[in-house]
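The values are calculated or read from the model by the stated rules, or taken from the named source; none is laboratory data. Nothing here was measured: the structure is a model prediction, and the numbers come from that model. Note: ideal-geometry Cβ built from the backbone for every residue, glycine included; neighbour counts use all protein chains shown.
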Amino acid sequence: MSEATTPVSWPRPYWQPGEEEAVLQFYVFGKFEPELLIPSPRYGSPGLPAGVEIQRFQNAVLRQWEGYPLNGALGGLVREDTPEAYEQARIAPEVLVVRGVLKDGASLDYLRDTLGVLAGMLDVGGTSILDPQILTLFDATHWRRHYLVKDGAPPRHHVLILRSGEEAADRSWIHTRGMRKFGRPDISLRNVPDRDVDRAGVLCERLVELLSLGAHFSAGQPLEVDGLPDGLVAQPGGSLDDPEFNNTHVGFRWPE
């Protein structure tokens, strides 16, 4: 890869001014030189956007923190899902914590710039990256494959789409995590019958794209869906403290 790539803007064609805030948080495990020189221009990033900062910790010290992400429920989940990356992270001498809160804006350049810095960190000693918002620990190869996509990875790559059971045996709950990166609510599709799970998954991806590119849903707003004559109706709700999402959400209920 060349030493510098010209940044390409990531516009949000559906954006309108509002009071939302985007939240970014990543943990980069590895061993880094005393002077941290991150080659983010290789990846079309001039550096971290205003409002996002890097903190550097010894892993052994950070491990004493009550919220240490490789402990607790999150640690158990990533250890089960990606055991090799977990072990790399566990034994890494250092952790770079990248986090910030940014005012909602008309482009996703802040995300482009942050991802470029993360990519650069992998070039100078990073071995794995934890994204707690989507409950995922990436080794360096997986992270590059997932995010270093020409003109930027699609919004779907930044969000986790989950399927959970409902009380009725033949119904599922399709929902997301990670939309706080875009300053938008997560998505909740309730009461989805088994026969429509694939359709609901495709719809969820479509909604992720719409919201990440700036769209909003108001209470009672109808949503047309192929194959559902009456469509769906949006019901925003929840709070940032909701453990199911760690975010607000916009809910839709599949018809009976």
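Does the stretch 197-222 hold any residues that are surrounded by 12 or more Cβ atoms within 10 Å (Cβ to Cβ), of a type in the set (A, V, I, L, M) and assigned to a loop (DSSP other than H, G, I, E, B), and which are they?
Leu213, Ala215
Against the definition (at negative phi, free of Cβ contacts under 8 Å to residues at least 24 places away in the same chain, of a type in the set (Ser, Thr, Tyr) and assigned by TED's automatic domain parsing to the domain that holds Leu203), how does Ser172 come out, yes or no?
Considered against the rule, which asks whether it is at negative phi, free of Cβ contacts under 8 Å to residues at least 24 places away in the same chain, of a type in the set (Ser, Thr, Tyr) and assigned by TED's automatic domain parsing to the domain that holds Leu203, Ser172 comes out as no.
Looking at Thr141, Thr127, which is the one that is part of a strand (DSSP E or B) and among the β-branched types (Val, Ile, Thr)? Give the derivation first.
Working: Thr141 fails: part of a strand (DSSP E or B).
Step by step, each of Thr141, Thr127 is checked, and only Thr127 is part of a strand (DSSP E or B) and among the β-branched types (Val, Ile, Thr).
Quick one: in the stretch 84-96, which of the residues that are surrounded by 17 or more Cβ atoms within 10 Å (Cβ to Cβ) and among the aliphatic types (A, V, I, L, M) is farthest from Leu115 (Cα to Cα)?
Ala92
Among the residues of the stretch 62-83, count how many are in a helix (DSSP H, G or I) and surrounded by 11 or more Cβ atoms within 10 Å (Cβ to Cβ).
Of all residues in the stretch 62-83, those in a helix (DSSP H, G or I) come to 62, 72-81, 83.
So of that shortlist, the ones also surrounded by 11 or more Cβ atoms within 10 Å (Cβ to Cβ) come out as 62, 72, 74-79, 81, 83.
Within the stretch 62-83, residues that are in a helix (DSSP H, G or I) and surrounded by 11 or more Cβ atoms within 10 Å (Cβ to Cβ) number 10.
Working only within the stretch 228-256, note down all residues that are of a type in the set (A, V, I, L, M, F, W, C) and farther than 16 Å from Pro193 by Cβ. Step through it out loud before you land on a result.
Of the stretch 228-256, the ones of a type in the set (A, V, I, L, M, F, W, C) are 228, 232-234, 240, 245, 250, 252, 254.
The answer is Val233, Ala234, Leu240, Phe245, Val250.
Identify all residues within the stretch 203-256 that are free of Cβ contacts under 8 Å to residues at least 40 places away in the same chain, under 23 Å from Gln133 (Cα atoms) and acidic (Asp, Glu); write none if there are none.
Once the filter is applied, which keeps residues that are free of Cβ contacts under 8 Å to residues at least 40 places away in the same chain, under 23 Å from Gln133 (Cα atoms) and acidic (Asp, Glu), the stretch 203-256 yields Asp241, Asp242.
Given the criteria under 22 Å from Gly47 (Cβ atoms), outside the structural domain of Thr82 (by TED's automatic domain parsing) and either touching a residue at least 24 places away in the same chain (Cβ under 8 Å) or buried (at least 23 other Cβ atoms within 10 Å of the Cβ) (or both), does Gly125 qualify?
On the way: under 22 Å from Gly47 (Cβ atoms): yes; outside the structural domain of Thr82 (by TED's automatic domain parsing): no; either touching a residue at least 24 places away in the same chain (Cβ under 8 Å) or buried (at least 23 other Cβ atoms within 10 Å of the Cβ) (or both): yes.
No, not satisfied.
Considering only residues that are over 25 Å from the mean Cα position of the chain (by Cα) and within 28 Å of Trp10 (Cα to Cα), look in the stretch 223-256 and name the one that is surrounded by the most Cβ atoms within 10 Å (Cβ to Cβ).
Going through the qualifying residues, I end up with Val225.
Hey, can you tell me all the residues within the stretch 1-55 that are of a type in the set (A, V, I, L, M, F, W, C), assigned to a strand (DSSP E or B) and either out of contact with any strand residue (DSSP E or B) (no Cβ under 6 Å at 6 or more places or on another chain) or over 13 Å from Asp104 (Cα atoms) (or both)? Step through it out loud before you land on a result.
Taking the stretch 1-55 as the starting set, the residues that turn out to be of a type in the set (A, V, I, L, M, F, W, C) are 1, 4, 8, 10, 15, 22-24, 26, 28-29, 32, 36-38, 48, 50, 52, 54.
Filter once more, keeping what is assigned to a strand (DSSP E or B): 22-24, 26, 28-29, 52, 54.
Phe26, Val28, Phe29, Val52, Ile54 - these are the residues of the stretch 1-55 that are of a type in the set (A, V, I, L, M, F, W, C), assigned to a strand (DSSP E or B) and either out of contact with any strand residue (DSSP E or B) (no Cβ under 6 Å at 6 or more places or on another chain) or over 13 Å from Asp104 (Cα atoms) (or both).
Scan the stretch 136-173 for residues that are more than 25 Å from Ser9 (Cβ to Cβ) and out of contact with any Asp or Glu (no Cβ under 8 Å at 6 or more places or on another chain) and report the count.
Restricting attention to the stretch 136-173, the residues satisfying the condition of being more than 25 Å from Ser9 (Cβ to Cβ) are 136-142, 160-173.
Adding the requirement that they be out of contact with any Asp or Glu (no Cβ under 8 Å at 6 or more places or on another chain) leaves 140-142, 160, 162-169.
Of the residues in that region, 12 qualify.
Report yes if Val149 is on the phi < 0 side of the Ramachandran plot, assigned by TED's automatic domain parsing to the domain that holds Tyr43, of a type in the set (Val, Ile, Thr) and out of contact with any strand residue (DSSP E or B) (no Cβ under 9 Å at 6 or more places or on another chain), otherwise no. Quick ask: steps written out before the conclusion?
Values: on the phi < 0 side of the Ramachandran plot: yes; assigned by TED's automatic domain parsing to the domain that holds Tyr43: yes; of a type in the set (Val, Ile, Thr): yes; out of contact with any strand residue (DSSP E or B) (no Cβ under 9 Å at 6 or more places or on another chain): yes.
So Val149 fits the description; yes.
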